[in-house]
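In what follows, a single structure is set out as structure tokens and then discussed.
The values are calculated or read from the model by the stated rules, or taken from the named source; none is laboratory data. Since the model is a prediction, treat every value here as computed from it, not as a measurement. Note that each Cβ is placed from the backbone with ideal geometry, even for glycine, and that neighbours are counted across all protein chains shown. Just so you know, the surface numbers come from the protein's heavy atoms only, side chains and all, with ligands and any DNA or RNA stripped out. Shrake-Rupley method; radii C 1.70, N 1.55, O 1.52, S 1.80 Å.
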Amino acid sequence: MTRSRGATMHVILNTYTRTSRTGLLLLCLGLLGGCAGTQSRNTDPVGDPWEGYNRKMHAFNMGIDKVARPVAVGYDRITPDPLQRGIGNFFRNLAYPVTLGNQILQGKFVAGIESTARFLVNSTVGLLGFFDVATKAGLPQYDEDFGQTMAKWGWDDSRYFVLPLLGPSTVRDGLGFSFFGYYNPVSWYAREEHVYWPMALDLLQIRASLLPQDKALYEAYDPYLFLRDAWLQNRAYLIHDGEPPSPDYEDYLDEVED
Amino acid sequence: MRLSLLGGGLLGLALCVSCPAQGADLREPAQLVSETAGKILDSLNSRGAEFEAQPELMEDLVRNDLLPVLDVHYSARLILGREVRSASEAQVKALADAMSNVLIERYARGLLQYRNREQLEVMPLRGELNERMTRVRTRVRMTNGNHIPVDYVFHKTDDGWKAFDVIVEGISYVTTYRNQIMPEVQATGIDAVIARLGRGELLLNEQK
């Protein structure tokens, strides 16, 4: 799920910026400018120095979601679960070039071979990726993108940066998406052939798969913070290939005792 | 984006532990996790239809099985951070209770949703048992073959080992709530936070 969302981010970012790069930039700058010096609070000056801008972009994205969510709910209602799983698998399988490229850049050659085997098995036996037979056969699914590669290369900490439409990101990961998204077949197809429905379907499926999690987000005290912290923690988990450092609980308590 | 800590956490927590709370429990963390997970899954499989008809029975089951092995008070202190200094013992306890109620309710809901779909694998412990923090790694297998990693963080108390954090795909329950609740307590005071937790109040950001 994570990877397919990443893949789609590449997709939209590329298509989107291509068609309205200037408008997008203006929007970002406008929001950045609008809040400069007037931030009421900053919950994490180190990791999220642009909180004022980020909160505005988050609100903008939530506004867009008011339209996107009902569409996803309708789609979810008429599309049986197995079909949804198949569609999700299909698009995730297509993210293979991005995954492989980044595995090579990180020197993960064995994993790269596994991903290749996965892609071949799922594309054939799995009927163009619709069925994820590889996972059942014990070929793990890896999740790599250029943001993670740059983190491995030493860009450990990057400030949080909410992207228009795409949501949570960092400067590093936003750049990563725009570089490697170019090689995602779905975005390629949209760009070269001007056929957009596969991308729309990918997005729709991703939004639908997130529906069960909406409640937790809406129930959060501060949905912006909830999304930011959960996203950043999950991102660290991906960068460290599932072995991020444990939270520093002692430090949480030190604050109590100091 | 499997962001929902709670969405996934339910699933994970569902498989957490239950044990009779008679005297100090001598069982070790990994053993606690696998024994009680088996127990909860058994009752789910045998009484699934009943629970579906009466979700509150499910909550009772989770409450009885889960609470004895959680150290919600410690979680609450971690979440409150330095704000604990301005809170009374009773307030910390009230916050811990309110949080565990929310957790149990969500967890029971999630269990019903995922029933029969999961299978738990408790990974071998790495290194020595650490009394201040021992992380038990588990993987929940979904029907499509995917694994969701769910870790339980235990520490040793006078009553035996207790879990105080759940980490689902790298997302820590304690850390995420800490970052939300601390500023909220600063802004509105601990009693207001407890009350809002108790009401299960929805906060829709886009309406602000």
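The figures follow:
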item: Within segment A:66-106, tally of residues that are closer than 30 Å to A:Gly147 by Cα, part of a helix (DSSP H, G or I) and open to solvent by less than 30 Å² (accessible area, probe 1.4 Å); result: 14
item: Check on B:Asn130, modelled with pLDDT of 75 or more, within 11 Å of another protein chain (Cβ to nearest Cβ) and surrounded by fewer than 16 Cβ atoms within 10 Å (Cβ to Cβ); result: yes
item: Matching option when the condition is open to solvent by 10 Å² or more (accessible area, probe 1.4 Å), closer than 30 Å to A:Gly52 by Cα and touching a helix residue (DSSP H, G or I) at 6+ places or on another chain (Cβ under 9 Å), among A:Phe179, A:Phe109; result: A:Phe179
item: Residue check, A:Tyr237 outside any helix (DSSP H, G or I), within 8 Å of chain B (Cβ to nearest Cβ) and either buried (at least 20 other Cβ atoms within 10 Å of the Cβ) or at pLDDT below 85 (or both); result: no
item: Within segment B:49-95, tally of residues that are within 14 Å of chain A (Cβ to nearest Cβ), more than 16 Å from the chain's Cα centre (by Cα) and among the hydrophobic types (A, V, I, L, M, F, W, C); result: 4
item: Number of the exception - A:Leu165 against (1) in a helix (DSSP H, G or I); (2) farther than 30 Å from B:Arg132 by Cβ; result: (1)
item: So B:Phe154, is it farther than 30 Å from A:Ile87 by Cα, facing chain A (nearest Cβ under 9 Å) and crowded, with 18+ Cβ neighbours inside 10 Å; result: no
item: Residue satisfying condition, being open to solvent by less than 20 Å² (accessible area, probe 1.4 Å), touching a residue at least 40 places away in the same chain (Cβ under 8 Å) and more than 16 Å from the chain's Cα centre (by Cα), within set A:Ala220, A:Ala208, A:Ala190; result: A:Ala190
item: Subset of segment A:58-75 [at pLDDT 90 or above and more than 10 Å from every other protein chain (Cβ to nearest Cβ)]; result: A:Arg69, A:Pro70, A:Val71, A:Ala72, A:Val73, A:Gly74, A:Tyr75
item: Residue among A:Leu128, A:Leu203 that alone is open to solvent by 50 Å² or more (accessible area, probe 1.4 Å), in a helix (DSSP H, G or I) and modelled with pLDDT of 85 or more; result: A:Leu203
item: Residues of segment A:240-258 that turn out to be facing chain B (nearest Cβ under 7 Å) and part of a helix (DSSP H, G or I), as a count; result: 5
item: Qualifying residue in segment A:119-135 (condition: of a type in the set (Ser, Thr, Tyr) and within 12 Å of chain B (Cβ to nearest Cβ)); result: yes
item: Segment B:157-171 - residue that is within 11 Å of chain A (Cβ to nearest Cβ) and in contact (Cβ under 8 Å) with a residue 40 or more places away in the chain and, of those, farthest from A:Asn89 (Cα to Cα); result: B:Phe164
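Per-residue answers, yes or no, for (1) within 30 Å of B:Ala94 (Cβ to Cβ); (2) in contact (Cβ under 8 Å) with a residue 60 or more places away in the chain:
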{"site": "B:Gln31", "(1), (2)": "no, no"}
{"site": "B:Glu35", "(1), (2)": "no, no"}
{"site": "B:Asn45", "(1), (2)": "no, yes"}
{"site": "B:Ala49", "(1), (2)": "no, no"}
{"site": "B:Pro55", "(1), (2)": "yes, no"}
{"site": "B:Leu67", "(1), (2)": "yes, no"}
